[in-house]
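The values are calculated or read from the model by the stated rules, or taken from the named source; none is laboratory data. Keep in mind that what you see is a predicted model, and the values were worked out from it rather than measured. All Cβ positions, glycine included, derive from the backbone under ideal geometry; neighbour counts span all protein chains shown.
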Amino acid sequence: MQPGYPRAKNVIVIGGGIAGSSIMRALAAKGVGVTLLEKAGQLCAGATWHAAGLVTRFGGSPKIKKIHVRALREMIDLHESHDIGLHRTGSIRLLEKGNADRLTEAKQHVAMAALYDDSGLPTTLISAAEVAALHPLVDVSTVEAGIYTTQDGDVCPTLLTTCLAKLAQADGASIVHNAEVDTVTRQPNGTFTVSTVNGALYQADAVVNAAGLWSRKFSRQLGLEDTHPAFVIEHQYAITETIPALKGKVRDGERVPCLRDLAGSSYIRQERDGLLIGPYEGLLSPHQMTTVRTDWPEGPPARFAFDLFPPQLDRLEGCLVSAMKVLPALAEVGFQSVVNGPTIWTGDSLARCGRTQMPGYYDFNCLTYGIAQSLALSEYLCHIITEGEQPYDMAAEFDPLRYGRWATPEYTAAKVLETYSHNNQVSYPFENRPAGRDVIAKSAAHKALHEAFVRRGALTTFSNAGVETPLVFLPPAANGAPPTINAKTFASHAWAPYADAEAQHLLTGVGVGHASFSKFRVSSGTSDAASRLLERVTTNTLPKRAGRTRLTYAPTFAGKLLAEFTVTRRGVEGDGSHDFYLCASRDYQRHDLAWLEQQVRLLESAQLIPPGAIELTNLTDAIEILHVAGPSAPALISALCPAAAEIPFLQMRSVEVCGLPADVFRISFTGEAGYELHVAAEHAAPLFEAILSHPSARQLNCRPFGNAAVNSLRIEKGFKVKGDLDFAHWREAGVDAFIPPVRKNELLPFIGKDAPPPAGSAGRIAAIFAVATDASHAWSVAGDTPIRDADGAVVGFTTTSARGAITGKTIALGYIQCGTNGAPLARAGDGGLSLECFGKRWAVDLLERPPVDVAGKPTT
C-alpha cells in the first residue's frame, strides 16, 4: 500500500461474468473482503457464457499486447493446476495477396511486438508455405504470409470464470446468486449502499461495477453516464458440422491453429470436430451490419440472462465467402448451430477499466476481448483499488475518464458501428476515422472555432477530448468544402509538405495556431491551502508573484509521472490570494482532475488543509488558446496590443487583444518567440479571424499553422508532451531541469520524491534519437517502435517523433532501457543502433542532447 492512500476493507462487485469473477479473485488474493452480487442463479450470465473464448498474445498496439501477454501468461499458469479448458494451438493472422498495406502493417506489428513478447515466444512473420504446414486445411493460393503467435488458442469461458470464483472463495470472497442489483447509493461518509430487487442491503467501502450488459444502469444512477458511452450490440458466430479431416483430433497437439482471416474479418478456430467462425461484418456487406441496441439505454431486460438473438446468417455472407476461399472445407459442410449473442462495446472497442469521478466507485466493463484481457485487466484494476494508483499507464487505452459529455449516444452508436466493421482492417497512423465526428456534443463556441479553421483550409484531427484540432492548413477547396486527402498511407503523407512549409515559415516569420490544453483553476482565497496542495503534488517551486508561470510535473506516490502542468499564479500582486491556473494535456483532463481531487481528499484526511478550503474548477471548455509564434511574433503582438508586447518570458498579463479580453502569456511550445492568448471560448473564433485579418498580420505575412508544425519545432528541442513521459519515474523521464535542488531536499517534499526508481533491467532513461529515414518516411516513425543494438537486442523504444524543421532529420523522443546492473544498454555515440518501422530498417543515432537548443540554434 502506497503511503497516504486509504485502503478499502470490503468491496462489492456487481456482476458474475468474467470481469466480476476475475476482479473478485484479484482483490481476495490481496486480503480484501469481497462480496459478488450476481443477478442470475449461476455465474457467466450475460455475455460471458456464449463468448468464443479466444486468447492471444497479439495486440493492435504494443500496450494492448502487453495486456494480452500478461493475461495469457497467467492463464497458462492457471492451466497447469486447474481445468480451465485452455487449448494452446497457436494463432495465425492471414495476410491476403495483393494488399501491400496489409503486409506493411504486419511488419510493423511484428517489429513492435518485441517490446512485450515473452522470451522464447516471439511474434513472427511466416511464409504461406509455413502457414500450410501449420494448418493443413488452409488453401494458401490467396495467402501472402501470416503473423504467427505460438501458444495462443482458446479457453472455455465458463470453466475459467468458475475457476476464478472458486479461488476467490478460497481466499474468503462471498458470492450471492439471484441478487439482481437495483440501486447503488453513495453515502455522505463515502461508503456505498447497494440494494437488490428482493430488498437486501449491502454496505461497502467501494463498489466495482462489472455488470457488463447492464452496467450503464448504475452509471446513470450515480450521474456518471457521460463517462459511460457504450451500447449492447449483436455478435454472431457459427459452428460447422463435423469436418472429416478434423474428426477425432481434439487433443492440443492435434488441434489446428486458430486463424484470423483478415480479408474476410473473421476468426476461425476448431470446435470439437468442426470449426467455429466468428465474423465482424460490415465492410464486405455494408448494408448488413450488426445491430446497436440504442433502445436499451440501461441494457437488456432483466430476464435476458442466458438469452440469444435470432440468428441472421445473411448478415455474414460476405465474410463466410471469404473464409471459404482460405478454408475450402467450410464450403463442404453445413452449420449445426449459430450463436447471435449480446455484447457491449465502446466506440473505440476498448474496455473501461479504472476509477471514475466518484471516489470508491470503479468501472470494469465493455471487455470487448474480455476473455483474452480479463486476468491482466483485473490485476491492473486491483492495483488501482489497493494501491491508489495504476501499476503502469493505460489511461489512453482503458481509463473510463477518457470520455466526456461530447460522446453523445449518436456519436457512440456511429463509432461502435465503424469500429466493429473495421475490426480487421488496415489501420494507418494519421487516418483519424470520421464516424461520429459530426454528431458530438459541440458548443456553439467550439463549432464556430472549428468552422473558422476549416475556412482557412485546416485539416483537423479528432482527439480524445472531443475536439477538432488543426493538424495542418491546406489550400482551401475551390467550393469552400473542407480539404480532404488520402490518409490511408504509411508514408509520403500528402499533408507533410504543407507542415514542413508551416514550420519553416515559423522560423522566419509569424503564424497563429491553436493550442489544445486542459485548463484548471485551483484556488483557496487567502488561505494557503491551494499552495500547500500544489507544493505537495508537483515538482517545481510555485511562482511567488502574480502573473508568473512555471512548468512542473505531477508524480504519483510511486514516483511515476502522471501529468505535466504549467502553473500560473493569478490575482493582483500583494492581495495575498492563493489562486492558480493550470494547463495540461486536454485528452487527459478528466484523468488529471480526478487525480487532483484525490490529492485534496488525502490532504484533508491528514488534516494538512481544512475541509472544503480548495476550489477545483475545470475551465477546459470555457477557455480556448490561440498560439502566436515566430520571430515576428513580438512585432505582431505589439501591433495587436501594445501592452502585451512588454510581457516578460514566462509571465502573463490580462489585456485586450483586437478589442477582446485575453490573458496573454509570453510562452511558446514551439521554442520560437511566441505568445499564448487565453480567451473565453466564444471569443476564440472572432479573435482568430481578427488576427489574420489585421493589417499588420497581412504586412508580416502571418499564416495559420497546425500541430504538425509545432511537433516539427518542439521535438528537436527535446520538448516533451504527455506521451513522452510514458509514466516513467521522475528520475528517469529527463525532467530534472524543472525540479530545482531545493525541492529535492525539502523536509516535506513532493509526493513520490523518495520513491526509488525501478531497479536493474526494469529501469530506463529518457533519450533522444536521430533516425536516418528516407524522405517519404520522415513523419512515419511510430511511437513504441523498438530500438535495437548491433546484435539485434532491444535496447530502447520511441515515444513521439517528427521531421525536425531546423535539422531536416527525423527526430524521436523515447527511452533507453537498463541492464540487470542498472546501467543503460546504449549510450550516445554507440554505433550499430537501428529501428524497424513499417517494413523499413533505418540507422539510429542516440544523441547526447537535443540537436537544437531552446534558442533555436543547432547544438552540434
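Brief remarks on what is shown
- Restricting segment 430-451 to residues that are touching a strand residue (DSSP E or B) at 6+ places or on another chain (Cβ under 7 Å) and in a helix (DSSP H, G or I) leaves a set whose member that is farthest from residue 417 (Cα to Cα) is 449.
- Any hit, segment 30-42, residues being touching a helix residue (DSSP H, G or I) at 6+ places or on another chain (Cβ under 7 Å) and either part of a helix (DSSP H, G or I) or free of Cβ contacts under 8 Å to residues at least 40 places away in the same chain (or both): no
- Residue in segment 698-733 that is surrounded by the fewest Cβ atoms within 10 Å (Cβ to Cβ), counting only those that are among the small types (Gly, Ala, Ser) and within 21 Å of residue 394 (Cα to Cα): 723
- All conditions in (1) in a helix (DSSP H, G or I); (2) more than 30 Å from residue 591 (Cα to Cα); (3) touching a residue at least 60 places away in the same chain (Cβ under 8 Å) hold for residue 488, with the sole exception of (1).
- Only a single criterion out of (1) among the aliphatic types (A, V, I, L, M); (2) surrounded by fewer than 22 Cβ atoms within 10 Å (Cβ to Cβ); (3) assigned to a helix (DSSP H, G or I); (4) in contact with a helix residue (DSSP H, G or I) (Cβ under 7 Å, 6 or more places away or on another chain) is not satisfied by residue 112, namely (2).
- Test: residue 668 is at pLDDT below 95 and not assigned by TED's automatic domain parsing to the domain that holds residue 570: yes
- Residues located in segment 178-190, provided they are outside any strand (DSSP E or B) and either under 15 Å from residue 357 (Cα atoms) or free of Cβ contacts under 8 Å to residues at least 60 places away in the same chain (or both): 187, 188, 189, 190
- First in segment 203-224 and more than 20 Å from residue 383 (Cα to Cα), second anywhere and of a type in the set (Asp, Glu), Cβ under 8 Å, 6 or more apart: 214/298; 215/363; 216/225; 216/298; 217/298; 219/225; 219/363; 220/298
- Pair list, Cβ under 7 Å, 6 or more apart: segment 301-321 residue over 30 Å from residue 215 (Cα atoms), other residue surrounded by fewer than 18 Cβ atoms within 10 Å (Cβ to Cβ) and not hydroxyl-bearing (Ser, Thr, Tyr): 314/288
- Of all residues in segment 300-332, exactly one satisfies the criterion of being part of a helix (DSSP H, G or I) and among the polar types (S, T, N, Q), namely 322.
- Hits in segment 605-622 - residues which are polar (S, T, N, Q) and in contact (Cβ under 8 Å) with a residue 40 or more places away in the chain: 605, 617, 618, 620
- Segment 6-46, subset among the small types (Gly, Ala, Ser) and more than 26 Å from residue 304 (Cα to Cα), residue nearest to the chain's Cα centre (by Cα): 26
- Test: residue 801 is outside the structural domain of residue 631 (by TED's automatic domain parsing), in contact (Cβ under 8 Å) with a residue 24 or more places away in the chain, among the polar types (S, T, N, Q) and assigned to a helix (DSSP H, G or I): no
Yes or no, residue by residue, for (1) closer than 22 Å to residue 96 by Cβ; (2) modelled with pLDDT under 95; (3) surrounded by fewer than 16 Cβ atoms within 10 Å (Cβ to Cβ):
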position	(1), (2), (3)
239	no, no, no
248	no, yes, yes
261	yes, no, no
274	no, no, no
278	yes, no, no
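- Criterion violated by residue 76 - all others in (1) more than 24 Å from the chain's Cα centre (by Cα); (2) of a type in the set (Val, Ile, Thr); (3) modelled with pLDDT of 95 or more satisfied: (3)
- Selection of segment 824-855 for residues being in contact with a Gly (Cβ under 9 Å, 6 or more places away or on another chain) and loosely packed, with under 13 Cβ neighbours inside 10 Å yields 849, 854, 855.
- Summed over segment 506-558, the residues that are under 15 Å from residue 596 (Cβ atoms) and of a type in the set (Val, Ile, Thr) give a count of 6.
- Top-ranked residue of segment 481-493 - restricted to ones that are of a type in the set (A, V, I, L, M) and surrounded by 16 or more Cβ atoms within 10 Å (Cβ to Cβ), ranked as nearest to residue 691 (Cα to Cα): 487
- Every condition in (1) surrounded by 22 or more Cβ atoms within 10 Å (Cβ to Cβ); (2) over 26 Å from the mean Cα position of the chain (by Cα) is met by residue 737 except one, and the failing one is (1).
- Selection of segment 770-796 for residues being more than 24 Å from the chain's Cα centre (by Cα) and among the acidic types (Asp, Glu) yields 774, 789, 791.
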